């Protein structure tokens, strides 16, 4: 083997940025702290895995000598990120276990492991395929990711439920819940899907978003292949494979309020700023803001024991785009973080918060994203 290549530093650094975050810093197997480099056919293939999630990328390179090896992910990534020169040379030294990294004014050598020790990416099989734009999938995940549970005992809620229903086969939907709030979103497709449902793990969602929000990927078409217990995302020269969570997601449609009659309409960003300001005085032990809604104004209150009291009033009127409330005078409390997460997910457009009473969940919908729905449970105030 005579691994010897010349590659643009910027391209390599960007690819390593996507790979190194997948690699766990502590591993029972040393090889899992490494990434695989495979030089052949005019490209460098970079692969990283933690055995649950794998990513593979091809980068154009000048191949002087073919070969494959594994390098420590964190060390190699940090070196390449800090090299200021346009190109970098990677060459396996004759000793056989040292990779030489050379640029115009820099030279490093790092230890390697045999590529044969690196786990192979599995063939997931293929039951069906979905094609959509990367930006559409990013929107779905952004609208739902914040509601994923972090409780290890509720493993089936530790991800996003990606699914299609039999009665709407051209709609791809996402949902997430932690028992205190529920977020859902959907997008129309140009294809019909079989009814299915899979749960994407939290780490898969986080790493996938890093990739598809990158400007060089956002406008690309994305293919999703669903296997029996794995899913594969393909975009350009990047492939990501993830295990799926083995569990059942709740029938979440039953938790979406269907007839909350009292409606507050307001700019999402404006309300978020008010809630955030007033919530400054709250403490972690009891985080709550109280909303008093009537036709003339909305009052936001909070108290934080020794920290003091916060209070702000938003005046209502009927002008286009201005805050308005239609319903009975109603006082309701929310965890400010849960409310802020829903508001920030829709940006700065108008939202409608539909209320039933102080004890029933609120439904937040957006004019900008008609398929997005957010349900927030109230708290006692």
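No lab work stands behind these numbers, since they all come straight from the coordinates. Owing to the predicted nature of the structure, the values given are computational and were not obtained by experimental measurement. In this analysis, Cβ positions are derived from the backbone assuming ideal geometry, glycine residues included, and neighbour counts consider all displayed protein chains.
Structure data summary
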item	result
Rounded to 10°, Cα long-axis angle of helix 268-278 versus longest principal axis of the chain	80
Three-way shape call for the range 4-117 based on the alpha-carbon gyration tensor, with the a/c threshold at 1.5	rounded
Nearest 10 degrees, 0 to 90: helix 9-20 Cα axis against the chain principal axis	60
Nearest 10 degrees, 0 to 90: helix 73-82 Cα axis against the chain principal axis	90
Additional length obtainable on full extension of the chain from residue 228 to residue 104, 0.36 nm per residue less Cα span	39.8 nm
By average C-beta atoms within 10 angstrom, highest first, the peptides 19-31, 291-303	291-303, 19-31
Extended-chain gain in nm, criterion 0.36 nm per residue less alpha-carbon gap, residue 127 and residue 357	78.3 nm
R0 of 56 Å, Cβ-Cβ distance residue 166-residue 11: FRET efficiency to nearest 0.05	0.80
Sorted by Cβ density within 10 Å, fewest first, the residues 163, 143	163, 143
At R0 = 56 Å, FRET efficiency that the Cβ-Cβ distance of residue 85 and residue 151 yields, to 0.05	0.75
Projected label distance in nm at residue 191 and residue 220, using a 7 Å step from Cα toward the beta-carbon	1.7
Extended-chain gain in nm, criterion 0.36 nm per residue less alpha-carbon gap, residue 313 and residue 326	3.0 nm
Footprinting exposure proxy for 340, 189 (fewest neighbouring C-beta atoms within 10 Å first)	189, 340
Residues residue 292 and residue 28, FRET efficiency given R0 of 51 Å [Cβ-Cβ distance, rounded to 0.05]	0.40
Rotationally averaged projected area of the range 77-184 (alpha carbon convex hull; nm²)	12.3
